[in-house]
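First comes the structure, then the notes that go with it.
The values are calculated or read from the model by the stated rules, or taken from the named source; none is laboratory data. None of these values were measured; they are calculated from a predicted model. All Cβ positions, even for glycine, are placed from backbone atoms using ideal geometry, and neighbour counts span all protein chains on display.
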Number of protein chains: 2
Amino acid sequence: MASRNPSRPERPATLERKASVLEAALACFAKNGVDGTTIQDIQRAANCSIGSLYHHFGSKDGIAEELFIDGIQNLNHGMLAKLRRCKNGEESVKAVVGQYCDWSMRNKDLARCLHSRDIEFSGEARARLKEIHRDYIGAIYAWFAPFVECGEVRVLPVDAYVPLISGPIQEYVRRWLSGHHPNPPAKVKTLFADAAWNAVKG
Amino acid sequence: MASRNPSRPERPATLERKASVLEAALACFAKNGVDGTTIQDIQRAANCSIGSLYHHFGSKDGIAEELFIDGIQNLNHGMLAKLRRCKNGEESVKAVVGQYCDWSMRNKDLARCLHSRDIEFSGEARARLKEIHRDYIGAIYAWFAPFVECGEVRVLPVDAYVPLISGPIQEYVRRWLSGHHPNPPAKVKTLFADAAWNAVKG
DNA sequence: TCTATTACTAGAACGAAATTCTAGTTACCA
DNA sequence: TGGTAACTAGAATTTCGTTCTAGTAATAGA
């Protein structure tokens, strides 16, 4: 998309407009889901024209993609920042659960967006997500590697760690977000953190 | 939908046709996702007319709904059947994990359908699902209640059991189905079953 | 300051895909 | 054997994402 890789830099007002569109879109997505909101909904909520939307984002999914990617990066950065303040494996594992729980409660709409499976990612976005995920997982494994080496954390198939540690809290949050049950995840945070630690401690 | 609540009973050939449509639709959904397949795709694959599809299912989502509901019921029945052959809490908890794993591997396409979030359920379908879920959860809790009472299984917030027991295997299967990693869940089945038991044993 | 370039806005036109409508045809029951 | 309702068929309509065309406005370079 030439329009999204301008040869001349963007104008100052552009960032503001994009941000306002993203905010409006997130509100719409939160209310009616991605598939349930039309371009017109977003257009009206953001007070801008169709042309403007397509100029900045290229497509409806482009908007969702940007929200999704921003959201994931925000979540990832927060997680790594939290981890770096931990002293050992136990603290780290429990921090992962706690941080996921806290972030989801603080960013309910965004969390709902990350859980929704109905964004048709473009090849470009898929590649970007893969890269983000690779970097993130790399950083996470690098952080935990020493704890595994010294025996504080069990040696397991690599694909097993994330489901064992984050699976329960993710599932709980997913159910909470979709209105399946009313009890916010704060209630089970430490319970699930303990369970996660039990599942992977050496 | 009057056409789906006929005042006169359905004809014998109807079930057959509906089944062939569902089969064709599942194949399409598995290949291109629910959003990625058109009514025409299904129509061609099932060798029937648009009118016929709408007569029997009311909408594209109606087809997806029926697959989804059939799938969930199949999964649930299998689970309960398996549980009833267990002698104690430990066997039961581990059976839940194992059965979910086995079923997902045996019914990959259906499992993918159950994990997909892009079916827009009608109010009617939502109600039906709620009812199915209520019955199922009721049966599950009834099965486990004695083990909790005798202390073999821990007392926990009710909403915590499912995520603690099934969260990890569900997350693992989800990642496997979406091609995130290539290792089939059989590899971690007993590992996750043990973890589940550890999380809830008394 | 003037001018060329390009970001940006706007909304009408277009096209694809879901759904509805109309016109039958076929099976079953009285 | 006639009436009724399930069922089939596909053309017409609608909805909605996207593209196109025609501008306006900011900025860089002369």
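Taking region A:135-158 as the range and being within 28 Å of A:Val34 (Cβ to Cβ) and within 12 Å of chain B (Cβ to nearest Cβ) as the test, only A:Ile137 passes. All of A:Tyr141, A:Tyr172 fail the test of being of a type in the set (Ser, Thr, Tyr) and loosely packed, with under 13 Cβ neighbours inside 10 Å, apart from A:Tyr141. If you filter region A:47-69 down to residues that are loosely packed, with under 15 Cβ neighbours inside 10 Å and not β-branched (Val, Ile, Thr), you find that the one that is nearest to the chain's Cα centre (by Cα) is A:Ser59. Total residues in region B:31-50 satisfying the condition of being modelled with pLDDT of 95 or more, more than 9 Å from DNA strand C (Cβ to nearest atom) and under 21 Å from B:Ala125 (Cβ atoms): the figure is 1. Applying the condition of being in contact (Cβ under 8 Å) with a residue 40 or more places away in the chain and surrounded by fewer than 20 Cβ atoms within 10 Å (Cβ to Cβ) to region A:191-202 and asking which residue is nearest to the other protein chains (Cβ to nearest Cβ) yields A:Asp194. For region A:29-41, filtered to residues that are more than 8 Å from DNA strand D (Cβ to nearest atom) and assigned to a helix (DSSP H, G or I), the residue that is surrounded by the most Cβ atoms within 10 Å (Cβ to Cβ) is A:Phe29. With respect to the conditions (1) under 21 Å from A:Met79 (Cβ atoms); (2) in contact with a helix residue (DSSP H, G or I) (Cβ under 6 Å, 6 or more places away or on another chain), A:Ile119 lacks only one, and its number is (1). Within region A:11-27, if we keep just the residues that are assigned to a helix (DSSP H, G or I) and without any contact (Cβ under 8 Å) to a residue 24 or more places away in the chain, the residue that is farthest from DNA strand C (Cβ to nearest atom) turns out to be A:Glu23. Scanning region A:89-143 for residues that are among the acidic types (Asp, Glu) and farther than 20 Å from A:Tyr161 by Cβ returns A:Asp102, A:Asp109, A:Asp118, A:Glu120, A:Glu124, A:Glu131. Looking at B:Pro182, B:Pro168, just one residue is under 24 Å from A:Val162 (Cβ atoms) and more than 8 Å from chain A (Cβ to nearest Cβ), and that residue is B:Pro182.
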